[in-house]
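Colleague: Let me give you the structure first, and then I'll get to my questions.
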Amino acid sequence: MPGIIRAYVRITDKISDLTGYLAASLIFVMGAVLIFDAITRNVLNMPVHWAIELTQFTLAAYYFMGGPMTLKNNEHVRMDLWYAHLSERGQAKMDLFTVGCLIFYLGVMLAGSISSLQYAIQTGERRFSIWNPSVIPIKALLTACLVLMLLQAFALIFKHIATLRGERL
C-alpha cells in the first residue's frame, strides 16, 4: 500500500483510540454525577434537577465516542455462524462487503445528523424539562463522531484490501 494510505490508517487509528479512551473516562463522570445526585437528594434533601439529564447526555456521548474505537478493534457485534469458518481472505472479502453497507448506513446517519444539527442551531433547540438544556452540543458531538466512524470505516477498507493483497497495515 502507498505510504499516504498507511499514514491515513495510522492517524485514523490513533484518533479512534484517543476518542475511545476519552469515552471510557466518561463512565467516571456519570458515576460522579449520579453519586452527587444521590447525596443531594437523599442526604441533604435538596434534589438537583439536572443530574439525570446530564447523565443521559453523558451516556449518549459515551456511545457516540466509543464507535470509532469499537470499529478499529473489531469489537462490534457480528454473527459468527459462517464468518469464523472462513479463511483470512474470505473474512476480508466478507468484511469489505459489510463495511460497504456500514458506509452507506453511516452516510445516511450523517446526512440526518447534519440536518438535525442545523435545525437545532437555527431554532436554538432545547430539551423540554426543568433544566431546559440546549441539545446543540450533543448533536454536534454525534455529527463529529459519525465523521470519525466514516473515517475509520474507510481505514478498514484499506486494511481489508491489504489483507487480500497479502500485506499488513
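Colleague: Hey, among the residues in region 76-97 that are aliphatic (A, V, I, L, M) and either at pLDDT below 90 or within 21 Å of the chain's Cα centre (by Cα) (or both), which one's surrounded by the most Cβ atoms within 10 Å (Cβ to Cβ)? Lay out the reasoning, then the answer.
Modeller: Keep residues of region 76-97 that are aliphatic (A, V, I, L, M), which gives 77, 79, 81, 84, 86, 92, 94, 96.
Now drop any that are not either at pLDDT below 90 or within 21 Å of the chain's Cα centre (by Cα) (or both), which leaves 77, 79, 81, 84, 86, 96.
Values: Val77: 6, Met79: 7, Leu81: 7, Ala84: 9, Leu86: 14, Leu96: 16.
Taking the candidates together, the pick is Leu96.
Colleague: Sort out which residues of region 38-51 are surrounded by 15 or more Cβ atoms within 10 Å (Cβ to Cβ) and either out of contact with any helix residue (DSSP H, G or I) (no Cβ under 6 Å at 6 or more places or on another chain) or modelled with pLDDT of 95 or more (or both), and write them in order of number. Even if it seems obvious, please write down each step before you answer.
Modeller: Step one: of region 38-51, the residues surrounded by 15 or more Cβ atoms within 10 Å (Cβ to Cβ) are 48, 50-51.
Scanning region 38-51 gives a single hit, Trp50.
Colleague: Mind telling me which of the residues Leu86, Leu59 ends up being part of a helix (DSSP H, G or I) and not hydroxyl-bearing (Ser, Thr, Tyr)?
Modeller: Working: Leu86 fails: part of a helix (DSSP H, G or I).
Just one listed residue meets the conditions, Leu59.
Colleague: Given the structure, is Arg78 among the basic types (Lys, Arg), farther than 19 Å from Asp13 by Cα and not in a helix (DSSP H, G or I)?
Modeller: Answer is yes for this residue.
Colleague: Collect the residues in region 1-36 that are crowded, with 17+ Cβ neighbours inside 10 Å and aromatic (Phe, Trp, Tyr), keeping them in residue-number order.
Modeller: The answer is Tyr8, and nothing else.
Colleague: In addition: Would you confirm whether or not region 60-75 contains a residue that is closer than 24 Å to Ile136 by Cβ, surrounded by fewer than 17 Cβ atoms within 10 Å (Cβ to Cβ) and of a type in the set (A, V, I, L, M, F, W, C)?
Modeller: Kept after step one, since they are closer than 24 Å to Ile136 by Cβ, are these residues of region 60-75: 60-68.
Within this subset, residues satisfying the condition of being surrounded by fewer than 17 Cβ atoms within 10 Å (Cβ to Cβ) are 60, 63.
Okay, now just the ones that are also of a type in the set (A, V, I, L, M, F, W, C), so 60.
The answer is yes; a qualifying residue exists.
Colleague: Restricting to region 120-132, what's the tally of residues that are surrounded by 12 or more Cβ atoms within 10 Å (Cβ to Cβ) and either of a type in the set (A, V, I, L, M, F, W, C) or assigned to a helix (DSSP H, G or I) (or both)?
Modeller: Initial filter on region 120-132 (surrounded by 12 or more Cβ atoms within 10 Å (Cβ to Cβ)): 120-121, 125-127, 131.
Keeping just the survivors that are either of a type in the set (A, V, I, L, M, F, W, C) or assigned to a helix (DSSP H, G or I) (or both) gives 120-121, 131.
Counting residues in region 120-132 that are surrounded by 12 or more Cβ atoms within 10 Å (Cβ to Cβ) and either of a type in the set (A, V, I, L, M, F, W, C) or assigned to a helix (DSSP H, G or I) (or both) gives 3.
The values are calculated or read from the model by the stated rules, or taken from the named source; none is laboratory data. Keep in mind that what you see is a predicted model, and the values were worked out from it rather than measured. Glycine gets a Cβ as well: all are built from the backbone with ideal geometry, and neighbour counts include every protein chain shown.
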